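**Student:** My structure is below; once you've seen it, I'll send some questions.
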Amino acid sequence: MSATPRPLRIVADENMPGLQALFSGLGEVTALPGRDLDPEIVKDADVLLVRSVTKVNEALLADSKVRFVGSATIGMDHLDRPWLDSRNIFHTNAPGCNAESVADYVIGVLAHLFLVDGYDGFHDKRFAVIGAGNVGSRVVKRLRGMGLNVVVNDPPLEKSGTQPEESFVCLEDALKADIICMHTPLVRGGDHPTKHLIGKDELSKIRPGSLLINAGRGDVIDNSALLARLEQQHDFTVALDVWEGEPDVLRALIPFTRLSTPHIAGYSLDGRMRGSWMIYQSLCHFLGMTPDIELESLLPSPFISEARVQGDTSFADCLRLVPLTVDVHRESERFRQHYADSNEHPGLFDRLRKSYPLAREMSTLKIALDNATSATQHTLSALGFSLKDV
């Protein structure tokens, strides 16, 4: 009598939404905090499912049975891909899964600064997007859709020649823009490394009155150099969602930021569930199975699903709809208050991420158009909302 094959053993980061719904039909799922995954826990696993907080390398998997690693994230800098390849361990990620969510976050930052801080009108500003991959390209599309002046710095993309019509500029030129949005991956070697891409010298080139937003990777900006610059001359505005050395945040930097959040720009329910679902699809194909779960079946109806606009709505009034789905200021205040009140560190950073009240993507808010002008419709669509006629 042949032995009954053991079920597939799946170890996963508990912060991946939809784990049981997606993966319990494929094997036995053990869910734990991503930073708690260690060699003892994963040694008997066949499948490892992670997010960005788990370093997947020889130290973690040398003595394990893992044959499939799936990261439900855009980035892969936490995976030692050469080592995984050398051991024939299949690995994949979820490119673009939360790109719309991060673009939403950038729009949320801009909306808050425009509406609350009285930031000067955007239409006479020059925007620079540094890194035009899955996220950056979406930010560029939205900004240009609103008629804004946008240039791009992305040497690998420029070198590829795939977008000859793009307005590429060098990094020094990009840093002279009025509003600088960082969306590069973290690359430690090669021809175009991005570790500390923005250091002391680069920070000195940022003009007074500018706005620097980093919703990409924390280590792309030298946080100590940024703090030193702002302590010496606090003459430009900073919004940070990502931090060098997470979760060990440079606490002294927080008061010098206008908006600061614990790496939650891509943490919409839609984006995170899409990441889990994309890894589910990859695992099914790896196992020779046909995926049969649709993403839409995993998502609840949004708490706020519709708003109405009438006639010719101003640019400012269009921006006032943004906090209905993306309230960056609320999350920034929560982050800053907790760090001001607590000595818990670095556990606080992860706790704030875990307790983040999952937002929905801006596209889940349908704007009912009541005789709205074409200009209003164009602005709302460019911001990221869905439109419907009434």
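The values are calculated or read from the model by the stated rules, or taken from the named source; none is laboratory data. Keep in mind it's a predicted model, so treat the numbers as computed, not measured. Here the Cβ is made from the backbone with ideal geometry for all residues, glycine too, and neighbour counts use every protein chain on show.
**Student:** Examine the stretch 280-298 for a residue that is crowded, with 21+ Cβ neighbours inside 10 Å, among the hydrophobic types (A, V, I, L, M, F, W, C), more than 16 Å from the chain's Cα centre (by Cα) and within 23 Å of H112 (Cβ to Cβ), and state whether such a residue exists.
**Tutor:** Checking the stretch 280-298: not a single residue is crowded, with 21+ Cβ neighbours inside 10 Å, among the hydrophobic types (A, V, I, L, M, F, W, C), more than 16 Å from the chain's Cα centre (by Cα) and within 23 Å of H112 (Cβ to Cβ).
**Student:** Another question, if that's okay. What is the residue count in the stretch 368-385 for residues that are farther than 17 Å from A111 by Cα and either polar (S, T, N, Q) or buried (at least 21 other Cβ atoms within 10 Å of the Cβ) (or both)?
**Tutor:** Going through the stretch 368-385 one residue at a time, the tally reaches 5.
**Student:** To continue, here is another question. List pairs: first in the stretch 164-191 and assigned by TED's automatic domain parsing to the domain that holds L212 and of a type in the set (V, I, T), second surrounded by 17 or more Cβ atoms within 10 Å (Cβ to Cβ) and in a loop (DSSP other than H, G, I, E, B), Cβ under 6 Å, 6+ apart or cross-chain?
**Tutor:** Within 6 Å, the pairs are I179/K125; T184/G131; T184/T194; T184/G216; V187/T194.
**Student:** Does any residue of the stretch 97-113 turn out to be touching a strand residue (DSSP E or B) at 6+ places or on another chain (Cβ under 8 Å), β-branched (V, I, T) and not in a helix (DSSP H, G or I)?
**Tutor:** No.
**Student:** For the stretch 346-390, how many residues are in contact (Cβ under 8 Å) with a residue 12 or more places away in the chain, outside any helix (DSSP H, G or I) and not hydroxyl-bearing (S, T, Y)?
**Tutor:** 19
**Student:** Condition check: surrounded by fewer than 20 Cβ atoms within 10 Å (Cβ to Cβ) and of a type in the set (F, W, Y). Does Y339 satisfy that?
**Tutor:** So Y339 does not fit the description; no.
**Student:** Would you confirm, using the coordinates I've provided, whether V242 is surrounded by 17 or more Cβ atoms within 10 Å (Cβ to Cβ), touching a strand residue (DSSP E or B) at 6+ places or on another chain (Cβ under 8 Å), within 20 Å of N15 (Cα to Cα) and at pLDDT 95 or above?
**Tutor:** Yes.
**Student:** Tell me yes or no: at least one residue of the stretch 115-127 is within 26 Å of R9 (Cβ to Cβ) and within 24 Å of the chain's Cα centre (by Cα).
**Tutor:** no
**Student:** Anything in the stretch 39-61 that is among the aliphatic types (A, V, I, L, M), at pLDDT 95 or above and either out of contact with any Phe, Trp or Tyr (no Cβ under 6 Å at 6 or more places or on another chain) or assigned to a loop (DSSP other than H, G, I, E, B) (or both)? List them, or say none.
**Tutor:** Listed by number, the residues that qualify are I41, V42, A45, L48, L49, V50, V56, A59, L60, L61.
**Student:** I would also like to ask the following. For the stretch 62-89, how many residues are hydroxyl-bearing (S, T, Y) and either in contact (Cβ under 8 Å) with a residue 60 or more places away in the chain or touching a Phe, Trp or Tyr at 6+ places or on another chain (Cβ under 8 Å) (or both)?
**Tutor:** Here the count works out to 2.
**Student:** Assuming Q310 fulfils every condition listed in (1) within 24 Å of V116 (Cα to Cα); (2) surrounded by 14 or more Cβ atoms within 10 Å (Cβ to Cβ); (3) not assigned by TED's automatic domain parsing to the domain that holds N214 apart from one, which condition is it?
**Tutor:** Exception for Q310: condition (2).
**Student:** Which number in (1) free of Cβ contacts under 8 Å to residues at least 60 places away in the same chain; (2) touching a Gly at 6+ places or on another chain (Cβ under 7 Å); (3) over 30 Å from K176 (Cβ atoms) marks the one condition that T92 misses?
**Tutor:** Here T92 clears every test but (1).
**Student:** Quick one: count up the residues across the stretch 355-374 that are within 23 Å of R330 (Cα to Cα) and among the polar types (S, T, N, Q).
**Tutor:** Of the residues in that region, 3 qualify.
**Student:** I'd like to know if the stretch 135-149 contains one or more residues that are under 25 Å from L324 (Cα atoms), at pLDDT below 95 and out of contact with any helix residue (DSSP H, G or I) (no Cβ under 9 Å at 6 or more places or on another chain).
**Tutor:** Checked against the condition, which is being under 25 Å from L324 (Cα atoms), at pLDDT below 95 and out of contact with any helix residue (DSSP H, G or I) (no Cβ under 9 Å at 6 or more places or on another chain), the stretch 135-149 yields no hits at all.
**Student:** Tell me, which residue of the stretch 73-93 that is at pLDDT 95 or above and assigned to a loop (DSSP other than H, G, I, E, B) is farthest from G275 (Cα to Cα)?
**Tutor:** Only one residue tops the list, namely R87.
**Student:** From G145, G131, which residue is touching a residue at least 24 places away in the same chain (Cβ under 8 Å), at negative phi and under 22 Å from the mean Cα position of the chain (by Cα)?
**Tutor:** Residue meeting the stated conditions: G145.
**Student:** May I pose another question? Would it be correct to say that L203 is surrounded by fewer than 21 Cβ atoms within 10 Å (Cβ to Cβ), touching a Lys or Arg at 6+ places or on another chain (Cβ under 6 Å) and in contact (Cβ under 8 Å) with a residue 40 or more places away in the chain?
**Tutor:** Judged against the criteria, L203 is not a match.
**Student:** Evaluate the following for D317: is it touching a residue at least 60 places away in the same chain (Cβ under 8 Å), of a type in the set (D, E), surrounded by fewer than 19 Cβ atoms within 10 Å (Cβ to Cβ) and not in a loop (DSSP other than H, G, I, E, B)?
**Tutor:** Taking the combined requirement at face value, the residue does not satisfy it.
**Student:** Looking only at the stretch 13-35, count every residue that is charged (D, E, K, R) and either in a loop (DSSP other than H, G, I, E, B) or modelled with pLDDT under 95 (or both) and tell me the total.
**Tutor:** The number of residues fulfilling the criteria is 2.
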